[in-house]
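Reviewing the structure listed below.
The values are calculated or read from the model by the stated rules, or taken from the named source; none is laboratory data. Source: prediction; values computed, not measured. Cβ placement follows ideal geometry from the backbone for every residue including glycine, while neighbour counts extend to all protein chains displayed.
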Amino acid sequence: MSLLDLDAAAREELAAKVREEYETLKARNLDLDLTRGKPSSEQLDLSNDLLELPGKGNYVDASGTDVRNYGNLKGIKDIREIWGDLIGVPVDNLYAEDSSSLNIMFDLITWSYLFGNNDSQAPWREEETVKWICPVPGYDRHFAITEKLGFEMITVPMLDDGPDVDAITELVKDPAVKGMWVVPMFANPTGVTVSDDVVRTLASMETAAPDFRIVWDNAYAVHVFTEDTPQIINVLDVAEEAGNPNRFWVMSSTSKITHAGSGVAFFASSTENLDWYASIAGIRGIGPNKINQLAHAKFFGDADGVRALMQKHAQILTPKFEAVLEILENRLGEYDVARWTTPAGGYFISLDVVDGTATRVWELARDAGITLTKAGSAFPKGEDPNDRNIRLAPSLPPIDEVRTAMDGVATCVLLAALEKLEG
Ligand SMILES: Cc1ncc(COP(=O)(O)O)c(C=O)c1O
């Protein structure tokens, strides 16, 4: 029965019970953390062979080049071939870089700001305002980049099939709108995968700015909980067919596949976009860490090697996600005080609580020793206009801690909802 349907006496009885549960929770002096979507050590252990690769004496790539030396801005073909096969992009349209895709995103946008990109008439810094579309809830570190550059961030809702394209097609009629963020598969934090129709609309829509770009951050393309890896749509082809070949900057990395801090990041795009990127990247540096790229190529073997590894991750992650969903349903389902996503992959569950109570839930959890990602962090500048959303990241703690933390969070969600009703 919904909380609102309870009569006054029943509500008071429930409030007394939930307050008692909360006091018991606090008395446990917990110290639990559900904040960042990092892999657990058990997951990191899956790739420990990398620590011994490419191995003494192995420093020549398939083309016969010594990977210990400077050079090869594009990255070695051995890893680009595996990755191109995995994400369905021709190897010539793919660069392999150092460990962080976020670094590449930061570069692409900063360089467009400083110098203009290959379709710009002028650097973006010369514009009175640069506007950027931000699907919400979304990834806080994306929003931090566009905030740092002083862009005006315009939010659009993330719907069940991707960002709201009706809103977007209107917004891009403004030439000050230079781009947008999107995580197309198992998105952070909603778990949503963008539908083919939405992809086609984004690829074909007319934009007033000729240098408009979509950062297509496919960070979770192969991070599935099931045995079937969904098809990864080649947006570069779709964009080319739609007559907008330069629209997408496609990102991915091995961060949540091998070791998060020492993986390989990839950038796929049109030849023109890559040439522009190389013209600046070649000044910023001489070439990426190719020894690490060779190590990864040897470790994976081929694209199936990556998929097989993701199945091992799934075996560790799935029970944690199931535990979160089961506790949310058992503890909150009947009261109608929260909604949550049930992702089939990725790293997050997005939890919507009663409007106006997300900050209170976060405080109650903090006071009970459970650290949650700050309410609002999935919105630009951390401002959730409805104070409703909390991002749950169950990957890092062991499963018994995930259970304890989530049971505590459920108590906090109920208590905050009851407090709001009590006025
Ligand atoms: C959507 C998204 N993109 C990028 C990253 C970071 O990627 P990288 O480690 O390649 O910089 C994350 C990490 O949480 C993420 O969630």
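Report the residue count in the stretch 193-224 for those that are away from the ligand (no atom under 16 Å from the Cβ) and either assigned to a helix (DSSP H, G or I) or not charged (D, E, K, R) (or both).
Of the residues in the stretch 193-224, 16 are away from the ligand (no atom under 16 Å from the Cβ) and either assigned to a helix (DSSP H, G or I) or not charged (D, E, K, R) (or both).
Could you check, for the stretch 349-370, whether at least one of its residues is under 20 Å from the mean Cα position of the chain (by Cα), closer than 23 Å to L4 by Cα and assigned to a loop (DSSP other than H, G, I, E, B)?
no
Any residue in the stretch 176-192 that is more than 17 Å from the chain's Cα centre (by Cα), in a helix (DSSP H, G or I), surrounded by fewer than 19 Cβ atoms within 10 Å (Cβ to Cβ) and not β-branched (V, I, T)?
Checked against the condition, which is being more than 17 Å from the chain's Cα centre (by Cα), in a helix (DSSP H, G or I), surrounded by fewer than 19 Cβ atoms within 10 Å (Cβ to Cβ) and not β-branched (V, I, T), the stretch 176-192 yields no hits at all.
Kindly evaluate R213 against the criterion of being crowded, with 18+ Cβ neighbours inside 10 Å, free of Cβ contacts under 8 Å to residues at least 60 places away in the same chain and basic (K, R).
Spelling it out, it is not the case that R213 is crowded, with 18+ Cβ neighbours inside 10 Å, free of Cβ contacts under 8 Å to residues at least 60 places away in the same chain and basic (K, R).
Just wondering, is there one or more residues in the stretch 68-85 that are under 30 Å from L149 (Cα atoms) and touching a Phe, Trp or Tyr at 6+ places or on another chain (Cβ under 7 Å)?
Looking for residues that are under 30 Å from L149 (Cα atoms) and touching a Phe, Trp or Tyr at 6+ places or on another chain (Cβ under 7 Å), one finds at least one in the stretch 68-85, hence yes.
If I go through the stretch 227-283 residue by residue, how many of them are under 23 Å from N72 (Cα atoms), outside any loop (DSSP other than H, G, I, E, B) and among the small types (G, A, S)?
Summing the residues that are under 23 Å from N72 (Cα atoms), outside any loop (DSSP other than H, G, I, E, B) and among the small types (G, A, S) in the stretch 227-283 gives 8.
Taking the options K312, K290, K298, name whichever one is under 30 Å from G55 (Cβ atoms) and surrounded by 22 or more Cβ atoms within 10 Å (Cβ to Cβ).
From the options K312, K290, K298, the qualifying one is K290.
Just one of L14, L34, L3, L46 is out of contact with any His (no Cβ under 8 Å at 6 or more places or on another chain) and within 24 Å of E401 (Cβ to Cβ); which is it?
Of the residues listed, the single one that is out of contact with any His (no Cβ under 8 Å at 6 or more places or on another chain) and within 24 Å of E401 (Cβ to Cβ) is L34.
Please find, among N273, N330, the residue that is closer than 30 Å to N103 by Cβ and either of a type in the set (S, T, N, Q) or free of Cβ contacts under 8 Å to residues at least 60 places away in the same chain (or both).
N273
Out of all the residues in the stretch 22-66, which are buried (at least 17 other Cβ atoms within 10 Å of the Cβ) and assigned to a helix (DSSP H, G or I)?
Result: Y22, L25, Q43, L50.
Could you go through the stretch 333-343 and let me know if any residue there is in a helix (DSSP H, G or I), surrounded by 18 or more Cβ atoms within 10 Å (Cβ to Cβ), in contact (Cβ under 8 Å) with a residue 40 or more places away in the chain and of a type outside the set (D, E, K, R).
Yes.
Right, M153: in contact with a Gly (Cβ under 8 Å, 6 or more places away or on another chain), in contact (Cβ under 8 Å) with a residue 24 or more places away in the chain and of a type outside the set (F, W, Y) or not?
When the stated conditions are applied, M153 does not pass them.
Tell me, which residue of the stretch 258-287 that is within 10 Å of the ligand (Cβ to nearest atom) and among the hydrophobic types (A, V, I, L, M, F, W, C) is surrounded by the most Cβ atoms within 10 Å (Cβ to Cβ)?
V264
Being in contact with a helix residue (DSSP H, G or I) (Cβ under 9 Å, 6 or more places away or on another chain) and under 16 Å from V235 (Cβ atoms) is the filter; apply it to the stretch 96-113 and report the residue that is nearest to the ligand (Cβ to nearest atom).
Residue satisfying both the conditions and the ranking: M105.
Given the structure, is I232 modelled with pLDDT under 95, within 16 Å of the ligand (Cβ to nearest atom), under 25 Å from the mean Cα position of the chain (by Cα) and of a type in the set (A, V, I, L, M)?
yes
Can you tell me which residues in the stretch 18-73 are modelled with pLDDT under 95 and within 16 Å of the ligand (Cβ to nearest atom)?
D33, L34, T35, R36, G37, K38
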